[in-house]
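Below is one structure, written out as structure tokens; the observations come after it.
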Amino acid sequence: MKPMGRLVWPVVFGYAFLYVPIMLLIVYSFNASRLVTVWGGWSVKWYVSLWSNQQLIDAALLSLRIAAVTATLSVVLGTMAGLILARFGRFRGRTVFGGLITAPLVMPDVIIGLSLLLLFVSLEQLIGWPAGRGATTITLAHMTFAMAYVAVVVQSRLTSLDRSLEEAAMDLGARPTKVFFVITVPIIAPAIVAGWLLAFTLSLDDLVIASFVSGPGASTLPMVVFSSVRLGVSPEINALATIIIALVTVGIAVAGLLSARPAASPTP
């Protein structure tokens, strides 16, 4: 028990270091005082005031919309890339292709943001698209690194997949396309969902890249929060953060219940 005790306390300290500030943020979102560091009693007035803060609401809706589109398109492209890496074996250019997939995972955000800014400016000068920078450029920028994470997750799942199921389906006359959508996709569905959630979170959380490729009228939630923090944290931001934490908690709980639900036994 003693060695186990030595391992437990560092883990407890690590999780406390992570979650105690989050709990304090939730508590102070119900603070009646405008000063976030001074407790003034319990109140929900900042949640009421949040709905009249159009800047925060617009930024949150824009971030959610960009994150949803980014995650969906990244899943499509990332799944295709993971399938190529896992199933096509050795082919000419595989090393370069694999390097292009993994490069966004290790490339600093500042480099990605600056390079994409130069790309969008050059394209606008050459062909007139994109016309300015906004939600479209932010979405394209987020896709460049989000689909790399999806590709890695899907590739690892396809590598460990038992291909005998697919081979049996093709022996019974199923075409490769039907085998992929009927057999392969349902099996790797947890990896696809995990990739979507990861891409959604990365897009929703991004600040550096979005700061480079955004324009007037296209400020995401992290950008608005970061700019307001310079003048002091508003209690309305604490309320908005608490709502986001609640939504994430509900999503995690639902995903945990669905994954823990036993599979239905096949009908004889």
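What are the residues in region 18-44 that are of a type outside the set (A, V, I, L, M, F, W, C) and either outside any helix (DSSP H, G or I) or surrounded by 14 or more Cβ atoms within 10 Å (Cβ to Cβ) (or both), if any?
Restricting attention to region 18-44, the residues satisfying the condition of being of a type outside the set (A, V, I, L, M, F, W, C) are 19, 21, 28-29, 31, 33-34, 37, 40-41, 43.
Within region 18-44, Tyr28, Ser29, Asn31, Ser33, Arg34, Thr37, Gly40, Gly41, Ser43 meet the criteria.
Quickly run through region 227-249 and pick out the residues that are exposed (fewer than 14 other Cβ atoms within 10 Å of the Cβ), over 18 Å from the mean Cα position of the chain (by Cα) and in a helix (DSSP H, G or I).
Selection gives Ser227, Val229.
Can you find a residue in region 100-123 that is assigned to a helix (DSSP H, G or I), under 26 Å from Leu247 (Cβ atoms) and at pLDDT 95 or above?
Initial filter on region 100-123 (assigned to a helix (DSSP H, G or I)): 100-106, 109-123.
Now narrow it down to the ones that are under 26 Å from Leu247 (Cβ atoms): 109.
Those still in the list that are at pLDDT 95 or above too: none.
The answer is no; no qualifying residue exists.
I'd like to verify a number: residues in region 127-150 that are over 25 Å from Ala194 (Cβ atoms) and among the hydrophobic types (A, V, I, L, M, F, W, C), how many?
Taking region 127-150 first, the residues over 25 Å from Ala194 (Cβ atoms) are 127-137.
This time we only want the ones that are among the hydrophobic types (A, V, I, L, M, F, W, C), so: 127, 129, 131, 135.
The total comes to 4.
Within region 62-70, is there a residue that is free of Cβ contacts under 8 Å to residues at least 24 places away in the same chain and either out of contact with any Leu (no Cβ under 8 Å at 6 or more places or on another chain) or surrounded by 12 or more Cβ atoms within 10 Å (Cβ to Cβ) (or both)?
In the first step, residues of region 62-70 are kept if they are free of Cβ contacts under 8 Å to residues at least 24 places away in the same chain; the result is none.
Looking through region 62-70, none of the residues is free of Cβ contacts under 8 Å to residues at least 24 places away in the same chain and either out of contact with any Leu (no Cβ under 8 Å at 6 or more places or on another chain) or surrounded by 12 or more Cβ atoms within 10 Å (Cβ to Cβ) (or both).
Would you please name the residue that is nearest to the chain's Cα centre (by Cα), looking only at residues in region 204-226 that are part of a loop (DSSP other than H, G, I, E, B) and buried (at least 17 other Cβ atoms within 10 Å of the Cβ)?
Asp206
Note down all Cβ pairs under 6 Å where the first residue falls in region 186-210 and is in contact (Cβ under 8 Å) with a residue 60 or more places away in the chain, the second is assigned to a loop (DSSP other than H, G, I, E, B) and surrounded by 15 or more Cβ atoms within 10 Å (Cβ to Cβ), and they're at least six residues apart or on different chains.
So the pair list comes out as Ala210/Thr220.
Filter region 124-158 down to residues that are farther than 22 Å from Asp109 by Cβ, part of a helix (DSSP H, G or I) and hydrophobic (A, V, I, L, M, F, W, C), then give me how many there are.
Within region 124-158, residues that are farther than 22 Å from Asp109 by Cβ, part of a helix (DSSP H, G or I) and hydrophobic (A, V, I, L, M, F, W, C) number 4.
Taking the stated definitions as given, is Asn53 farther than 15 Å from Ile244 by Cα and over 26 Å from the mean Cα position of the chain (by Cα)?
Values: farther than 15 Å from Ile244 by Cα: yes; over 26 Å from the mean Cα position of the chain (by Cα): no.
Here the answer is no, as Asn53 does not meet what is asked.
Name, by its number, the condition in (1) of a type in the set (A, V, I, L, M, F, W, C); (2) under 29 Å from Glu167 (Cβ atoms); (3) touching a residue at least 60 places away in the same chain (Cβ under 8 Å) that does not hold for Leu50.
The failed condition is (2).
The values are calculated or read from the model by the stated rules, or taken from the named source; none is laboratory data. In this text, all values refer to a predicted model and were calculated from it rather than measured experimentally. For neighbour counting, all protein chains shown are included, and Cβ atoms are generated from backbone atoms with ideal geometry for every residue, glycine included.
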